[in-house]
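The values are calculated or read from the model by the stated rules, or taken from the named source; none is laboratory data. Only a predicted model underlies this, so the values are computations on that prediction, with no experimental measurement involved. Neighbour counts are summed over all protein chains in view; Cβ atoms, including those assigned to glycine, are modelled from backbone coordinates with ideal geometry.
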Amino acid sequence: MEQQRMASRISEYFKLRKQEKEEFSAFLEDLKRKISIAEQEYQEIFRNSSTYVDIQTVLAWKNKFSRLHDDASSYLKDGMIEKKKLPRQYLEPFGKMDAMYDHIDKKRTAHNRKAVAGHEWAAQEAFRRVIDAKPTEYQIDAILAENRRILISGAPSTGKTTALKAKISYIKNRGLCEGKDFMFLRGGDLKGFAAFACKILEECGVPAGYKSPEADILPGMIEKFLAEKSVEASYRSRLIDYYFKFHSAGHTAFEYKDYKEYEKYIALFPPISLKGEKLKSYEELDVANFLFALGVEYEYHAPFSEDAMVQGARTRYKPDFTLKDYHICINVYQIDEDGNTAEEGVLSFSQKENITKQYWESIHAVREIHEEAEIPLIECYTRDKHSGGMLPKLQAGLSSHGVEFNIKSDQVLFKAILNADPAFLTILAESIRYSTEAILASDLTEEEILTLSRTKSRTAAPLYKRRERLMSLILPFYNDYLAKVPCDDYRIVTRAANVLSDYKAPLEYRYLFLDDLENMNSCAIRLVTELSENCRCGIVAAGCGWCSMVGRYGADPVYMQDFGRFFPGFDEFECTRVFDLPKEIFSKMRTFALNGSSYMEYDPLCLNTDSSEGASGKIELVLIHYDNEINIREKFTELLASLPENQSVLIACRYDADVAFFAGCIGDRKNTDCRPIFCAQKKYDVVIWCNTKYTNFGFPDERLGLNNISDLLLRRPDSFQSSGERNLLCKAMSLTRGRFILLCDVNNASPYVAELGLLKE
């Protein structure tokens with residue numbers, strides 16, 4: 001009986017094994033059959049040697065047979081066919097599938113080169129019609145490519161725009177589209193996009209009823225708004241609150257990688273109290289201004305007593321603040337949340353522990369001095385500034401010691417603020433301008449903006465509430481602007497995109513050409529994507545991540561960095577040879593760009609760019625006393641007079657005030673333009689960058705960066721400080737054919753000047 005059961009089990013086992021083998025053989029045969037189908041479709045893609053194969057066709061094939069490729073390749077890895085003793089008949093088809101999948105992109109490239117080879121002469125002719133020169137191989141490839149979505153990318157002066165324009169000429173001359181079938185637009189050209197939006201609306205049967213204003217109305221409206229609101233009690237109170245808590249708050253030493261960097265910042269932007277005192281730190285500034293606002297009289301660094309000495313100190317002990325009417329002292333200590341100090345050398349790891357120990361010893365010594373003298377001491381710490389609790393704790397300490405407050409009125413405080421910091425409202429005006437542009441471009445509601453600022457501000461310690469409070473000053477203007485200006489360039493573009501999203505009939509556009517892709521904003525890119533969906537038009541774009549004016553007009557380089565996310569299935573043609581930009585200048589620009597922006601990881605072409613054929617030229621420095629208007633005018637006039645009359649000159653400015661000043665110094669010189677760098681496009685023989693001082697409205701202006709929320713609306717904010725400023729300088733450098741001249745403050749040079757190797761630190 002037992003033998004019968006055993007025999008039955010053995011029989012069942014072999015039946016199962018046979019069944020499994022048969023099922024596995026059937027599975028392999030099915031794979032083989034599917035591979036045959038994949039091969040047929042693969043061959044069909046490339047059957048017609050004269051037909052261009054676009055990348056969408058290749059992607060569709062790869063997506064369809066992705067799982068099949070994975071199954072086939074799994075049996076090729078590690079000798080699986082041999083290990084499972086599979087018939088050799090499967091080795092060839094599995095290997096073929098693996099090869100087809102892995103090499104289809106190269107196959108497509110080779111196929112397309114042959115397909116368009118007969119039109120290469122036409123592409124060359126189109127290129128010469130744009131510029132009398134011979135195109136490079138990658139420019140020819142970009143011109144001939146018949147893919148519906150193309151990105152031409154590369155460093156400045158590598159022929160991207162020329163290739164784009166040549167492609168337009170090529171398409172028109174081959175009769176692939178008529179004039180009405182395509183549109184050429186530039187990122188950052190709001191008026192161009194607004195005009196196009198009006199055209200789209202008319203074609204959709206919706207009267208636009210809009211004409212773009214000739215001049216930028218925002219600066220004038222903001223100036224008038226602040227003048228009116230600064231006398232309004234509630235808004236003035238918010239201005240004062242923001243100034244005390246954030247605008248004048250500045251950085252702490254713990255935000256810098258080493259103490260020297262912090263010292264440099266303090267030297268450039270010294271903490272000046274409302275009483276006009278130059279203080280040692282921004283923590284001290286908070287305390288001084290707070291005491292001023294409370295109406296509490298104090299003396300700064302007054303000697304404690306003749307014999308009061310702290311061990312190790314060379315001079316008599318001087319409390320930071322002395323309230324003589326109450327015999328109370330206040331000291332401010334640079335101590336972080338971990339109990340570490342930020343005294344000189346603290347940020348050197350090897351010395352950190354020892355210096356912190358010495359610092360705490362001095363604190364204890366000061367406490368003993370006060371205990372012996374029976375004079376109360378209130379201590380303030382950087383850690384409390386970071387958390388927002390320093391001033392409330394100070395007020396509680398003062399109250400506990402019987403200090404009476406004679407709180408100054410908002411009128412008195414605001415007047416004191418403007419006297420101590422005349423640039424306050426001007427910086428705020430710039431912030432409102434940039435922020436309003438970014439909000440308009442994003443088409444977000446007030447509540448969405450507020451939610452965004454609150455969400456991200458929690459991660460912004462020690463400037464934890466800055467953006468949220470700043471929004472309380474920006475949004476009143478924004479709402480006022482919406483009420484007074486029913487439509488603008490941003491909203492007409494958004495309106496056109498909304499209409500187009502619901503419009504069923506396809507418009508007659510075959511191609512949309514986009515230059516300066518790095519300066520596209522969200523409303524412009526939405527109009528482009530909606531048009532692409534409506535009429536399946538081709539999108540041909542060109543751009544360089546080095547020159548994005550990040551934040552201005554809502555510009556966001558993410559649309560170039562992640563082009564495939566917005567326009568999937570695109571072909572990219574990389575321009576890697578510099579033409580009419582001096583080699584020395586390009587080399588400096590590349591190093592400068594790589595040093596200061598995380599965007600470079602999304603724009604790696606800079607590493608492969610060949611500048612060996614670049615022209616000769618140089619970067620020069622002209623030293624000027626920027627605090628002396630007469631000296632600036634004289635030096636600048638001398639500089640212009642030294643330039644040959646037949647040379648074209650661009651005076652590139654960062655700020656509108658610089659445009660107004662330097663334009664007035666040109667006189668009757670011809671071939672000379674003075675304009676904001678945001679608006680400059682063409683090449684010049686000489687480019688003069690007119691502001692490399694390092695103060696308020698200098699370059700870079702860190703105060704403007706701190707008082708701005710436009711980066712909130714970037715899809716991928718840059719972790720590097722002032723990367724947008726770097727991009728502007730790169731753009732200015734890219735516009736010269738020969739000379740690039742920086743006007744530099746002799747006493748306060750921008751750190752960028754030293755970074756470019758023009759000054760020794």
> Residues in the range 513-537 that are in a helix (DSSP H, G or I) and either aromatic (F, W, Y) or out of contact with any helix residue (DSSP H, G or I) (no Cβ under 7 Å at 6 or more places or on another chain) (or both): how many?
Replying inline: 5
> Is it true that R633 is crowded, with 19+ Cβ neighbours inside 10 Å and of a type in the set (D, E, K, R)?
Replying inline: no
> Which of the following residues is within 31 Å of the chain's Cα centre (by Cα) and not in a loop (DSSP other than H, G, I, E, B): Y170, Y235?
Replying inline: Y235
>> Going through E374, E446 one at a time, which residue ends up being free of Cβ contacts under 8 Å to residues at least 40 places away in the same chain and either over 32 Å from the mean Cα position of the chain (by Cα) or farther than 15 Å from L712 by Cα (or both)?
In response: E374
> What tally of residues in the range 15-41 results from selecting those that are closer than 18 Å to R67 by Cβ and either exposed (fewer than 12 other Cβ atoms within 10 Å of the Cβ) or at pLDDT 70 or above (or both)?
Replying inline: 16
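Let's see how each residue does on (1) of a type outside the set (A, V, I, L, M, F, W, C); (2) under 39 Å from the mean Cα position of the chain (by Cα); (3) part of a loop (DSSP other than H, G, I, E, B):
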{"site": "S362", "(1), (2), (3)": "yes, no, no"}
{"site": "V366", "(1), (2), (3)": "no, no, no"}
{"site": "H370", "(1), (2), (3)": "yes, no, no"}
{"site": "H386", "(1), (2), (3)": "yes, yes, no"}
{"site": "A396", "(1), (2), (3)": "no, no, no"}
{"site": "S399", "(1), (2), (3)": "yes, no, no"}
{"site": "V403", "(1), (2), (3)": "no, no, yes"}
{"site": "K408", "(1), (2), (3)": "yes, no, yes"}
> In the range 480-512, what count of residues is obtained for those that are over 16 Å from G205 (Cβ atoms), assigned to a loop (DSSP other than H, G, I, E, B) and among the aliphatic types (A, V, I, L, M)?
Replying inline: 1
>> Let me confirm something: among K260, K245, K211, which residue is without any contact (Cβ under 8 Å) to a residue 24 or more places away in the chain, basic (K, R) and either farther than 27 Å from N479 by Cβ or in a helix (DSSP H, G or I) (or both)?
In response: K260
> Within the range 267-285, which residues are more than 32 Å from the chain's Cα centre (by Cα), buried (at least 16 other Cβ atoms within 10 Å of the Cβ) and not in a loop (DSSP other than H, G, I, E, B)?
Replying inline: E284
>> Pairs needed: first member in the range 659-677, in contact (Cβ under 8 Å) with a residue 40 or more places away in the chain; second member anywhere, part of a loop (DSSP other than H, G, I, E, B) and surrounded by 17 or more Cβ atoms within 10 Å (Cβ to Cβ); C-beta distance under 9 Å; at least 6 residues apart or different chains.
In response: I677/M549; I677/R654; I677/L735
> Any residue in the range 309-319 that is of a type outside the set (V, I, T) and at pLDDT 90 or above?
Replying inline: yes
>> Being within 18 Å of R433 (Cβ to Cβ) and either loosely packed, with under 11 Cβ neighbours inside 10 Å or not small (G, A, S) (or both) is the requirement here; does P207 meet it?
In response: no
>> Every residue in the range 214-227 that is surrounded by 11 or more Cβ atoms within 10 Å (Cβ to Cβ) and assigned to a helix (DSSP H, G or I), please.
In response: L218, P219, M221, I222, E223, K224, F225, L226
>> Just the residues that are of a type in the set (A, V, I, L, M) and either surrounded by fewer than 20 Cβ atoms within 10 Å (Cβ to Cβ) or modelled with pLDDT of 90 or more (or both), please, taken from the range 739-752.
In response: I741, L742, L743, V746
